[in-house]
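Structure first, commentary second.
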Amino acid sequence: MANTDDFNTEEQSPVPDYRNDHSRYLLVFQRRLNGEVDFYRDWNSYKYGFGHLDGEIWLGNELIHEITKEGNYTLRIDLEDFEGETRYALYSNFLIEDASSENTLRVSGYSGTAGDAMAYQNDMQFSTKDRNNINCATSYKGAWWYYGCHFSNLNGLYLNGSHSSFADGIEWYQWKGHHYSMKKSQMMVRRK
C-alpha cells in the first residue's frame, strides 16, 4: 500500500506506469489496514470524515466532493488480500456529487487487474446505516454507493479473508467474490 509520505508532486512522465507509480495520486481519501477503526458509521461521520491520516481513514464526503468538483479526477483503488497478493483498479473519471444528491458517485473508464467492481455502483447514492437508501447499508454492515446491493463494499466490516457471511466484509466481487474480505484497501484521487 502506498503511504501519503511517499507521494511526490513533481511532474511525471506523460504516460506513467500505473502498475507501479503511486506518486501521482496525491489524495488518499479511504484506507483500511487492520480493522482498528469502525467503518459502520452514520451519515455525519461519513460527511465530515473519521480515522487517522497515518492509519485507517475516510476523509469525508463533503471534502471529497469539494475537491473533485473542481476538475477532472482519476481514481485509483489498491487492494491486498490476506495472502499478500495485490490488485488495482484505475478509473479515468471520478466525481462525488454534493449532499443534496446524496453524494452520488460518478465513476467510469476502468483499467487494472482487480476487475471493474465500481461500474455497478456508478450513479448510485451514498448510503449509511441511518440514511439507508435501499436497505443495503444495514444488510451488509457498511457505507457505500449501493445498488441492489453491490460488487464492491470497501467500507464493510473488517473480516479476516474468507468468511461464511454474505458480502459484509471489505468486498471486491470481481476478484474474490462475496465471501472474502480484503486485508487492505486504499482509494486515492489525482487531478488529470
Report the extension gain between Tyr48 and Ser101 in nm, rounded to one decimal, defined as 0.36 nm multiplied by the number of residues separating them, less their alpha carbon distance.
17.5 nm
How much length, in nm to one decimal, is gained on full extension between Ser111 and Lys69, taken as 0.36 nm per residue of separation minus their Cα-Cα distance?
12.9 nm
Calculate how large, on average over all directions, the projected area of the Cα convex hull of region 24-191 is; give the answer in nm² to one decimal.
8.4
Taking 22 Å as R0, compute the FRET efficiency from the Cβ-Cβ separation of Glu36 and Phe82 and round it to 0.05.
0.85
The answer for Asp123, listing residues at least 5 apart or on another chain whose modeled amide H is closer than 5 Å to its amide H, is Leu105, Arg106, Val107
Given a cut-off of under 8 Å on Cα pairs at least six residues apart, what relative contact order in percent is computed for region 24-191?
26
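Values quoted throughout were computed directly from the atomic coordinates according to the rules given, and no laboratory measurement underlies them. All values reported here derive from a predicted model rather than from experimental measurement. Note: ideal-geometry Cβ built from the backbone for every residue, glycine included; neighbour counts use all protein chains shown.
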